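To start, the structure under review is shown below, and the notes come after it.
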Amino acid sequence: KKLYSTERVNTISYVWTRNNKHLEERRSILVTTTRFRLFFLGFSEDGAMPRRSDLFLLSSVRDMRNIRRAVFSSRIRQFLCLLWEEEVDMEFLVFESTSRRRYFQEALRRVPRERKKIAGEEAVIRRNAKGITGAVKGVWEVSVNPATIATMLDTCQVRRGGIPLVSVSFVHTSGLVMASRRLSLVVLTRCSLTVIPFHSFWSKFWRPNDDRYYDADENVDQAAMDTDSDDDQLPPFKETVVSTSNDTEEKFEASKGPFDFDDLQGVWFLAESSPKVRLQFSTTLDLVFTSDGERQRFRRHLANILSEEAAPKAGKTRQQWAVVPTDQTDLKSIQKETT
């Protein structure tokens, strides 16, 4: 094994990863180096910070120059999909926080490309695609196929019309120990909240002809880096609807919801060791986020949605919201305190 005395660790991130060799997502430590190598470290999850002796190599060390595309979404900020020129051809990465994804994106943009692959006329086309320059460095970035986002919106539909996607967060849904917890997606639109299991997102993500879409030079884009959640703006209702479908086989599976925000009765941001949120619809929904920062982003998005809400459903009046400090965790007790 060849050693490089000048090689240093570049980025370290907690991630959940899944690829075509594994049947479910797993939590690990993603490491990149200054020699553009990438590998995953496993560890025993007992709630404590892993020691060096607890770490073990989960996968072979891979060359980041073999990543042919990095697939991103500006609305799914913790997520990246790597398309490899290897046996593991598609790999999902869900970062513990959006900022960690940003650091990894910066590392991807420093990866050198083989000059022979970008020589001549093809290089000119790729450099000019959507104004992107610098054909010598950086993994090509492509946004998630709009048809996939449209399918997600179909799953979350509670009203007619072009109701846009606001954001997608990742939460834990079961298990007291981190290793036994499963990931789910919390999908916010301007009118609804829906919980989608991670396995459904994985199984429905890749669509017919996606190879052609992601390899097309005209679809090469550049992911916007993370922004502060206080500056995030809601997408307008006039946002174009790419497609709609009544075919349930095409839709993602919704494990909970969709819930219409007209039916939301209360929200708790619980002061617990885990970044937890409780929402009261006709049923109680508890969400445990992957980090405090992601819960804060969700809080700001939800506050914006409720303050700039859509016209209420027929027979409903617009709700007035109040922020109340309390140590109560059920709606009836809070109502007694405030009346």
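The values are calculated or read from the model by the stated rules, or taken from the named source; none is laboratory data. Bear in mind that the values here come from a model prediction, so they are computed numbers and not experimental data. When we count neighbours, we look across all protein chains shown, and the Cβ atoms used for this are built from the backbone with ideal geometry, even at glycine. Protein only, heavy atoms only, side chains kept; ligands, DNA and RNA dropped before computing areas. Shrake-Rupley method; radii C 1.70, N 1.55, O 1.52, S 1.80 Å.
Taking the accessible area of segment 28-107, probe 1.4 Å, and keeping the other protein chains in place, the carbon and sulfur fraction comes to 46%.
The stretch between Leu57 and Gln265, if pulled fully straight at 0.36 nm per residue, gains 70.2 nm over its current Cα-Cα span.
Please give the peptides 290-301, 93-104 ranked by average Cβ packing (other Cβ atoms within 10 Å per residue), highest first, as a rough proxy for protection.
Values: 290-301: 18.8, 93-104: 20.8.
Highest-to-lowest ranking by the protection proxy: 93-104, 290-301.
Heavy-atom accessible surface of His199, to the nearest 10 Å², is about 100 Å², with a 1.4 Å probe and all protein chains retained. Each peptide in 66-75, 206-215 gets a packing score, the mean of other Cβ atoms within 10 Å over its residues, and the list from highest to lowest is 66-75, 206-215.
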